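The values are calculated or read from the model by the stated rules, or taken from the named source; none is laboratory data. A quick note: this is a predicted structure, and the numbers were derived from the prediction, not measured. Here the Cβ positions follow ideal geometry from the backbone for every residue, glycine too, while neighbour counts run over all protein chains shown.
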Amino acid sequence: MLAIGDSNELYLLERRGSSFFRTNTIYAFESSYFACDWNQKSNNFAVGSQDGHILAYDIRYTKPISTMYTVNAGSTYGAYSLPENSPFIDIPSKICGMQFSHDSSSLFIGLLQVIKNH
């Protein structure tokens, strides 16, 4: 289980019986994270911050395996780029949710007005 909230800390929890125990704490960028999703195999997850940062993680590591940045760090709106791509993609509003595709080949990013597919 992944617990996120009004901080830059991402808490990984393990279920044992009817209780949950924290197994790891990941310290992300300085922003607060409010959107997250696991892929279908439960070995990767992504989190989205209130200022537009999107980080993808492999459960085995505490560093992101992919990072998408806003052009103006710390701004709510802007553009981001996947590390392997050079074009920037406009983010017209705040990130409000995200969902991996069934085969984990895409990450859908829910914005206030539109859904982006990456």
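A compact table of results
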| read-out | value |
| --- | --- |
| Neighbours by Cβ (under 7 Å, 6+ apart or cross-chain): first from the range 62-73, more than 16 Å from L2 (Cβ to Cβ) and surrounded by 13 or more Cβ atoms within 10 Å (Cβ to Cβ); second modelled with pLDDT under 65 and of a type in the set (F, W, Y) | M68/Y80; Y69/Y80; T70/Y80; V71/F88 |
| Subset of the range 1-58 (residues that are within 21 Å of S105 (Cα to Cα), part of a loop (DSSP other than H, G, I, E, B) and free of Cβ contacts under 8 Å to residues at least 24 places away in the same chain) | S42, N43 |
| Qualifying residue in the range 77-97 (condition: at pLDDT 60 or above, under 14 Å from the mean Cα position of the chain (by Cα) and surrounded by fewer than 16 Cβ atoms within 10 Å (Cβ to Cβ)) | yes |
